[in-house]
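Colleague: I'd like to ask some things about the structure below.
The values are calculated or read from the model by the stated rules, or taken from the named source; none is laboratory data. Keep in mind that what you see is a predicted model, and the values were worked out from it rather than measured. Cβ placement follows ideal geometry from the backbone for every residue including glycine, while neighbour counts extend to all protein chains displayed. Just so you know, the surface numbers come from the protein's heavy atoms only, side chains and all, with ligands and any DNA or RNA stripped out. Shrake-Rupley method; radii C 1.70, N 1.55, O 1.52, S 1.80 Å.
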Amino acid sequence: QVQLVESGGGLVQAGGSLRLSCAASGRTFTMGWFRQVPGKEREFVAAIGWTTLSYYTDSVKGRFTISKDNAKNTMFLTMNSLKPEDTAVYYCAAGPRSVEYSGNSDYRRYDYWGQGTQVTGSS
């Protein structure tokens, strides 16, 4: 069983930066960040595999960076140049190793989820 706890959300002006953290208890393999706004499906943001290769949705490439500290079993999402359209509840997720190579952007492939943290980019 894996438990995930996110932190680091908040309100930031457009163009600003935030760093989200996801502390995991238990062994993790593929990990990802998703976001969701009311009335819409959960959207893929980024994923990082066991080999630390990273994957991003096009809208965040060049602005967001996913990383992890294996010693602390913690994953991060560094968000720069935030836009109002980045406003959402951000969730971290963990899944099996195979997810990295097949379906890492599909939220249904992940087994464990954090409680979510609100990120608001104000205009």
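Colleague: If contacts are Cα pairs under 8 angstrom and at least 6 residues apart, what is the relative contact order of region 58-123 in percent?
Modeller: Computed over region 58-123, the figure is 33 percent.
Colleague: I would also like to ask the following. For region 9-98, which trypsin sites (Lys or Arg not before Pro) are in a loop by DSSP, counting at most 11 other Cβ atoms within 10 Å?
Modeller: Here the sparse-neighbourhood loop sites are Arg27, Lys40, Lys61, Lys72.
Colleague: Rank Leu11, Pro38, Trp50 by how far each Cα sits towards the positive end of the charge dipole of region 8-123 (+1 on Lys, Arg Cβ; -1 on Asp, Glu Cβ) and give me just the farthest.
Modeller: Going by the charge dipole, the pick is Trp50.
Colleague: Moving on to the next point. Quick one: Karplus J couplings for region 88-96, per residue in order, coefficients 6.51, -1.76, 1.60, θ = phi - 60°, nearest Hz, x for Gly and Pro?
Modeller: Computed from phi, the couplings for region 88-96 are 4, 8, 9, 10, 9, 9, 10, x, x Hz.
Colleague: Using alpha-carbon pairs under 8 Å, 6+ residues apart, how would you state the relative contact order of the chain in percent?
Modeller: The normalised contact order for the chain reaches 36 percent.
Colleague: Let me ask something else about it. Got a number for the accessible area of Ser98? Probe 1.4 Å, square angstrom, nearest 10.
Modeller: Its accessible surface works out to 60 Å², give or take rounding.
Colleague: Next up: Rounded to a whole number, what % of the accessible area of the chain do carbon and sulfur atoms account for, probe 1.4 Å?
Modeller: 48
Colleague: What is the pair-distance distribution P(r) of region 81-123, computed from all Cα-Cα distances in 5 Å bins starting at 0, with each bin given as a whole percent?
Modeller: 5, 21, 21, 16, 16, 14, 5, 1
Colleague: Further question: What does the extension gain come out to for Trp50 and Arg19, with contour length at 0.36 nm per residue minus their alpha carbon separation?
Modeller: Net length gain for the segment: 9.1 nm.
Colleague: Might you tell me the accessible area per residue for region 1-111, computed with a 1.4 Å probe and given in Å²?
Modeller: 51
Colleague: Now for a different question. Where is the GNM fluctuation largest for the chain (alpha-carbon springs, 10 angstrom cutoff): Pro38, Pro84, Pro96?
Modeller: Result: Pro38 has the largest fluctuation of those listed.
Colleague: I've got another one for you. Taking region 37-117 on its own, what percent of its Cα-Cα pair distances exceed 18 Å?
Modeller: Numbers: 1343 of 3240 pairs.
Taking all Cα-Cα pairs of region 37-117, the fraction more than 18 Å apart is 41 percent.
Colleague: With only Lys, Arg, Asp and Glu charged, each at its Cβ (+1 for the first two, -1 for the last two), find how big the charge dipole of the chain is about the Cα centre; round to the nearest 20 debye.
Modeller: 160
Colleague: Under a 5 Å amide H to amide H cut-off, with H placed in plane at 1.01 Å, what residues pair with Gly103 once short-range neighbours are removed?
Modeller: Counting only residues 5 or more places away or on other chains, the set is empty.
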